[in-house]
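J.: One structure is given below, represented as structure tokens, and several questions about it will come after.
The values are calculated or read from the model by the stated rules, or taken from the named source; none is laboratory data. As the structure is a computational prediction, the values presented were derived from the model and not from experiment. Glycine also receives a Cβ, built like all others from the backbone with ideal geometry; neighbour counts cover every protein chain displayed. Ligands, DNA and RNA are excluded from the accessible area calculation, which covers all protein heavy atoms including side chains. Shrake-Rupley method; radii C 1.70, N 1.55, O 1.52, S 1.80 Å.
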Amino acid sequence: MASNKDIEIAKPIRLILSDVDGVLTDGSITIDNAGIESKTFYVRDGLAIKLWQRAGFIFGILTARNSQVVKLRAAELDIQIVRQGFSDKLPAALEILSQLGISAEETCYIGDDLPDLPVLYEVGLPVTVLDAAPEVLAAAKWTMQSRGGRGAVRELIERLLKAKGCWENSLPTQRAE
């Protein structure tokens, strides 16, 4: 059961914006001899994103790097908000909020490193991963117990949906007889 504090914090949240490297991945970037980049995404994070969307909420990606892999993963998860190549993330985040008609107080941002700080300072629910930079850990209201790329987004979404009373409704309901 969610704590009263979690319930109060989660109540206004309608949008989660997430960094990629170090949050949706472990921060590793592999580039082969042909210059092809690859990243590893944690499947449970992807399922949680789908559950968040099915519950009627919005999930978006905001990252400093440009990557075809991120574009493909976002399409696979039906993530409509994907902003890549923004080393200064705050203007991009504010533009997203304006386009969606969502306030900063209704927004959660999960990041792990120094470029995420301006957005973390601005949103209603700043969140980070266990292995984040010390400055980011200090700026976050919630620190997940999972590391980046190892279930931190799943942990965040589960905590939010439980606090909103939506978790049980998001679970599969059919049982084998």
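J.: Please report the base-10 log of the normalised intensity I(q)/I(0) for the stretch 1-77, using a Debye sum with one equal scatterer per alpha carbon and no solvent, at each q in 0.23 (1/Å).
T.: So the normalised log intensities are -1.15.
J.: Here's something else I'd like to know. Put a dot 7 Å past each Cα toward the Cβ at GLU168 and ASN66; how far apart are the dots in nm?
T.: 4.9 nm
J.: Over the alpha-carbon set of the chain, divide Rg by the Kirkwood Rh and report the Rg/Rh ratio to two decimals.
T.: Numbers: Rg = 15.7 Å, Rh = 16.3 Å.
Rg/Rh: 0.96.
J.: What does the accessible area per residue of the chain come to in Å², with a 1.4 Å probe and no ligands, DNA or RNA counted?
T.: Working: 9290 Å² over 177 residues.
Value returned for the chain: 52 Å² of accessible area per residue.
J.: Once the Cα atoms of the stretch 25-129 are picked out, what are the Rg and Dmax in Å?
T.: In order Rg, Dmax, the Cα atoms of the stretch 25-129 give 14.1, 45 Å.
J.: Add -39500 (n - 2.57) for each DSSP H run of 4 or more in the chain, then divide by its residues: what number comes out at 222 nm, to the nearest 500 deg cm²/dmol? Please list the in-between numbers first.
T.: On the way: 8 runs with 68 residues, N = 177.
Using -39500 (n - 2.57) per qualifying helix, the result is -10500 deg cm²/dmol.
J.: Straight-line reach only, C-alpha to C-alpha below 18 angstrom: list the lysines that LYS162 could link to, leaving out same-chain residues fewer than 8 apart.
T.: LYS5, LYS11, LYS50, LYS141
J.: Here's another thing I want to ask about it. Roll a 1.4 angstrom probe over the protein heavy atoms and tell me the percent of accessible area of the stretch 96-141 that is carbon or sulfur. Write out the running numbers ahead of the final one.
T.: Values: 990 of 1860 Å².
On the stretch 96-141, the fraction of accessible area on carbon and sulfur atoms equals 53 percent.
J.: Using 7 Å Cα-to-Cβ label points, what is the GLN145/ILE7 separation (nm, one decimal)?
T.: Output for this residue pair reads 2.2 nm.
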